[in-house]
Amino acid sequence: MKGKLFEGLRVFSGVVAGLADSYLVTLKHLFRKPITEQYPEYRRPRPERSRARIVLTRDPTGDERCVACYLCSAVCPTDCISIEAAEREDGRRYPAWFRINFARCIYCGLCEEACPTLAIQLTPDFEFSKYHVLDFVYEKKDLLIDNGGKNDAYNYYRHAGVKEGGPKGTHLNEEDPVDVTGNMP
Ligand code: SF4
Ligand code: SF4
């Protein structure tokens, strides 16, 4: 009989302690300043490196940076980038068309990591929801912007890519071509 009484008291005190704890939490939050942000009236500034809508950028001369090397489409885990390469008369490659299906993109950023020319970049712009899924297919005209994005000064073609004219070995800082038959026995 005594044991049962103690057991009842133990359960009762446990219930009271539990209730007191939860009311304490409620009380603590009752007088706190609310932190609700009124979106879309207030848009919290996004970190520069946050990953959302993808753009194609231009170098400082205003030319498009993409050299249609296909690295971004090769690395893309969801296979949502399609490109067709073309070449200008001066040897500079560019994408004749460039398409991204944002309905499949998972914003992993691998395309940006793989790109050797800084052409493809993810921006913090996440507000582009659509009613129709096909509207998520962006063509080059929708992707190409008029500046260099995260690095305005970078110019890939100052380092490599365009034939300068003249035979091999005559360009600035270029070594003479290797004679591949020179090692023949
Ligand atoms: S962010 Fe990822 S999923 Fe989206 S296009 Fe780039 S590589 Fe593909
Ligand atoms: S965006 Fe970059 S990685 Fe993709 S094809 Fe163009 S240059 Fe190559």
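The values are calculated or read from the model by the stated rules, or taken from the named source; none is laboratory data. These numbers were taken from a predicted model, which means no experiment stands behind them. Cβ sites come from the backbone with ideal geometry, for glycine too, and all protein chains shown count toward neighbours.
Assorted remarks:
- Looking only at residues in region 63-95 that are away from ligand 1 (no atom under 12 Å from the Cβ) and free of Cβ contacts under 8 Å to residues at least 24 places away in the same chain, the one that is nearest to Ile106 (Cα to Cα) is Tyr70.
- Among residues of region 106-116 being assigned to a loop (DSSP other than H, G, I, E, B) and near ligand 1 (Cβ under 8 Å from one of its atoms), the one that is farthest from the chain's Cα centre (by Cα) is Ile106.
- Looking only at residues of region 97-142 that are within 15 Å of ligand 2 (Cβ to nearest atom) and among the aliphatic types (A, V, I, L, M), we find that the one that is surrounded by the most Cβ atoms within 10 Å (Cβ to Cβ) is Ala119.
- Among the candidates Glu37, Glu48, Glu41, Glu7, residue that is of a type in the set (Asp, Glu) and outside any loop (DSSP other than H, G, I, E, B): Glu7
- Output for region 119-132, where each listed residue is under 15 Å from Ala68 (Cβ atoms) and either at pLDDT below 95 or outside any loop (DSSP other than H, G, I, E, B) (or both): Ile120
- Which numbered condition Val55 misses (of (1) touching a helix residue (DSSP H, G or I) at 6+ places or on another chain (Cβ under 9 Å); (2) loosely packed, with under 14 Cβ neighbours inside 10 Å; (3) under 17 Å from Pro124 (Cβ atoms)): (2)
- Residue in region 65-77 that is under 30 Å from Glu139 (Cβ atoms), part of a loop (DSSP other than H, G, I, E, B), touching a Phe, Trp or Tyr at 6+ places or on another chain (Cβ under 7 Å) and charged (D, E, K, R) present: yes
- Out of Glu48, Glu89, one residue alone is outside the structural domain of Lys130 (by TED's automatic domain parsing) and away from ligand 2 (no atom under 16 Å from the Cβ). It is Glu48.
- Residue pairs meeting the criteria (Cβ under 9 Å; at least 6 apart or on separate chains; first on the phi > 0 side of the Ramachandran plot and in the same structural domain as Trp97 (by TED's automatic domain parsing), in region 112-139; second within 16 Å of ligand 2 (Cβ to nearest atom) and in a helix (DSSP H, G or I)): Leu118/Glu112; Leu118/Tyr156
- Flag if Ala103 is in contact (Cβ under 8 Å) with a residue 24 or more places away in the chain, touching a helix residue (DSSP H, G or I) at 6+ places or on another chain (Cβ under 8 Å), in a loop (DSSP other than H, G, I, E, B) and within 16 Å of ligand 1 (Cβ to nearest atom): yes
- Hits in region 78-93 (condition: at pLDDT 95 or above and outside any loop (DSSP other than H, G, I, E, B)): Ile81, Ser82, Ile83, Glu84, Ala85, Ala86
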